[in-house]
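Reading through the structure tokens given below for one structure.
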Amino acid sequence: MDVPPKGNVLGRVVPARYILAVLGSIGMAIIYGLKVNLSVAMVGMLNHTSIRLSAQEDLPDHNNNTLVSGEPECVSTSGHNSTEADGPFEWSSEIQGFVLSCYFWGYFVSQIPGARVAELFSAKWVMFFSVTINVVCTLLTPVMAEAHYVAVMLMRVGEGVGGGVTFPAMHVLLSKWAPPAERSVMAALVYAGTSLGTVISMLMAGVLTATLGWESVFYVMGGLSCVWCVAWVLLVQDSPQQQPLISAEEREMIVSSLGGHADDHSPHKAVTVLFVYFGPSRSWRCRGARCSPRPAFLAILVAHACSNWGWYMLLIELPFYMKQVLKFNMTENAVTTSLPFLSLWFFSIALSRTLDWMRGKGYITTTTARKIGTFFASAVPAVCLLSLCYVGCARGAAVALMAVGVTSIGGMFCGFLSNHIDIAPNFAGTLMALTNTVATIPGMVVPIFVGVLTHGNQTISAWRVIFFVTIGLYIIEIVVYTMFGSGEQQPWNEPPRPERDSAEKKPLNERTEKTHV
């Protein structure tokens with residue numbers, strides 16, 4: 001292994017771990033930006049007039065939305081709503097749901113294999129593959145859309161395959177690069193890039209669609225993302241030991257703070273973690289009271305799945321709520337749906353630094369810090385959605401509530417999303433892949449669920465049902481994570497050493513009996 005020179009100039013000016021964190025944040029921003037741009041661009045791609053007439057023909061007993069819901073329909077105050085041009089595609093709400101949800105089909109299948117490749121070989125190149133395949137599929141989307149919506153679905157599946165490996169890959173990199181005292185800040189910086197990418201993507205997609213046409217959304221954003229690929233290859237390495245652009249002092253600080261295990265690639269990780277979680281409750285890795293990994297892991301799993309329902313509902317469906325119910329035009333839609341994700345970014349950084357400071361002072365434990373972050377990310381959005389159910393067409397109040405709710409979701413980055421590294425840094429990528437795989441299911445279900453409920457009924461009443469379901473899942477998240485969440489490292493995190501265990505902890509007759517079982 002090559003030792004980087006002590007006199008490295010860049011390493012002395014900019015800490016290498018923050019080069020990783022910033023580029024990782026930009027990479028996450030690209031992934032999420034290319035994920036959500038279709039949600040905004042689709043508003044300009046669809047022929048809303050034709051789709052609305054077709055939906056009303058399917059419901060002969062109802063002539064308009066007012067009769068379906070029993071409530072008055074919101075009216076645009078800008079006057080632009082009625083003059084905006086329709087797009088070329090007559091995709092029903094069900095087709096729209098499938099086009100948006102199929103991203104998560106690829107996302108679902110790639111995470112665990114991607115995590116294992118990242119842990120055993122190279123998280124750097126897994127992340128590079130993720131962004132590259134998203135860029136290629138994004139650039140091809142306009143051509144595929146002209147061909148058939150099924151072709152667009154294939155592109156979205158491809159993007160999902162790439163997007164699915166991002167969180168596991170970044171978890172592996174953070175487990176090797178982030179000193180424990182900076183873990184919350186670095187994780188929040190990296191993962192808050194998802195909200196920054198959402199802001200930029202929604203704003204750009206809205207402006208580009210309104211000025212240059214919906215096709216420009218994919219060409220411009222896909223083209224700009226290529227710059228990151230070059231920077232990532234040149235400036236990032238898998239571990240401090242492999243990084244030439246680092247000072248000797250920083251490398252030694254990181255490695256020593258992690259106990260000298262910053263470059264651990266154990267081939268037994270997947271077998272161990274899967275056996276501990278899904279095997280017998282008293283495995284050879286667990287003895288008596290020490291065998292308690294399930295509650296800590298399952299708390300993260302439940303929180304991740306429930307939180308993702310609300311996250312994807314706001315991330316993917318918010319532009320449609322603004323268009324269908326509150327009657328915002330394209331420009332208003334882009335601004336009002338994107339800016340809350342910018343405040344989310346600032347809030348997540350501020351909260352993570354505050355919690356790290358409180359932990360450093362000994363005011364709170366890691367467990368308490370993770371629960372505070374998760375509580376912000378679930379309780380506040382639940383209250384905002386409950387209020388949103390009853391503000392009706394008061395557009396100002398609705399926008400304010402959605403802004404507060406989206407902003408508070410930033411607590412998840414220093415909450416349960418950082419928790420995998422706390423309980424088992426050696427298995428961080430695999431654990432993230434396991435929880436994120438399950439948490440991908442809401443991404444597949446939400447667009448279809450919303451599409452079915454709003455088919456021919458794009459009203460406040462229909463969306464109220466959607467919001468109540470989301471509130472119920474947030475309540476489950478709060479209860480389960482508050483009761484069972486933990487920030488303590490679990491005993492099964494260390495690699496098994498059966499020879500040492502046998503020699504030091506087992507009587508000879510018990511070892512012999514164990515051998516013959």
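What is the stretch 70-220 by shape, rounded, prolate or oblate, if you read a ≥ b ≥ c off the alpha carbon gyration tensor as root eigenvalues and call it rounded for a/c under 1.5, prolate for a/b larger than b/c, and oblate otherwise?
prolate
Contour minus end-to-end for residue 393 and residue 465, with contour as 0.36 nm per residue of separation and end-to-end as the Cα-Cα distance? Provide the component values of the computation, followed by the final result.
Values: separation 72, 0.36 × 72 = 25.92 nm, distance 1.64 nm.
This chain segment gains 24.3 nm when fully extended.
Based on the Kirkwood radius over alpha-carbon pairs, what is the Stokes-Einstein translational diffusion coefficient of the stretch 376-437 at 20 °C with 1.002 mPa s viscosity, in µm²/s?
Translational diffusion coefficient: 161 µm²/s.
Taking the Cα atoms of the stretch 179-232 alone, what are Rg (to one decimal) and Dmax (as a whole number) in Å?
Radius of gyration, then largest Cα-Cα span, for the stretch 179-232: 15.0, 47 Å.
Along the three principal axes, how long is the stretch 411-450 when you take its alpha carbons, biggest first, rounded to the nearest angstrom?
Largest first, the stretch 411-450 extends 37, 22, 9 Å along its Cα principal axes.
Measure up 176/361; 176/371; 35/323; 35/361 against 28 Å on the Cα-Cα distance and list the ones that go over.
Over 28 Å apart, Cα to Cα: 35/361.
Report the gain in length on full extension from residue 484 to residue 441: 0.36 nm times residue separation, minus Cα-Cα distance, nm rounded to one decimal. Working shown, then result.
Details: separation 43, 0.36 × 43 = 15.48 nm, distance 2.24 nm.
Stretched fully, the residue 484-residue 441 segment lengthens by 13.2 nm.
Enumerate the calculated ³J(HN,Hα) couplings along the stretch 407-416 in order (Karplus 6.51 cos²θ - 1.76 cosθ + 1.60, θ = phi - 60°), each rounded to whole Hz, writing x wherever the residue is Gly or Pro.
Per-residue couplings from phi come out as 4, 5, 4, x, x, 5, 5, 9, x, 5 Hz.
Kirkwood Rh over Cα pairs of the stretch 325-397 into Stokes-Einstein at 20 °C, 1.002 mPa s: D in µm²/s?
145
Using Cα-Cα distances under 8 Å and only pairs 6 or more residues apart, what relative contact order does the stretch 301-421 have, in percent?
RCO, the stretch 301-421: 35 percent.
Between residue 18 and residue 226, 0.36 nm times their residue separation minus their Cα-Cα distance comes to what?
Here the answer is 72.8 nm.
Heavy atoms only, probe 1.4 angstrom, no DNA, RNA or ligands counted: give me 393, 384 ranked by accessible area, highest first.
Largest to smallest exposure gives the sequence 393, 384.
How far is the Cα center of the stretch 406-453 from the Cα center of the stretch 165-194, in Å?
If you average the Cα positions of each part, the centres end up 14 Å apart.
The values are calculated or read from the model by the stated rules, or taken from the named source; none is laboratory data. This is a predicted model, so every value here is computed, not measured. When the accessible area is computed, the model is the full protein with side chains, heavy atoms only, and any ligands, DNA or RNA have been set aside. Shrake-Rupley method; radii C 1.70, N 1.55, O 1.52, S 1.80 Å.
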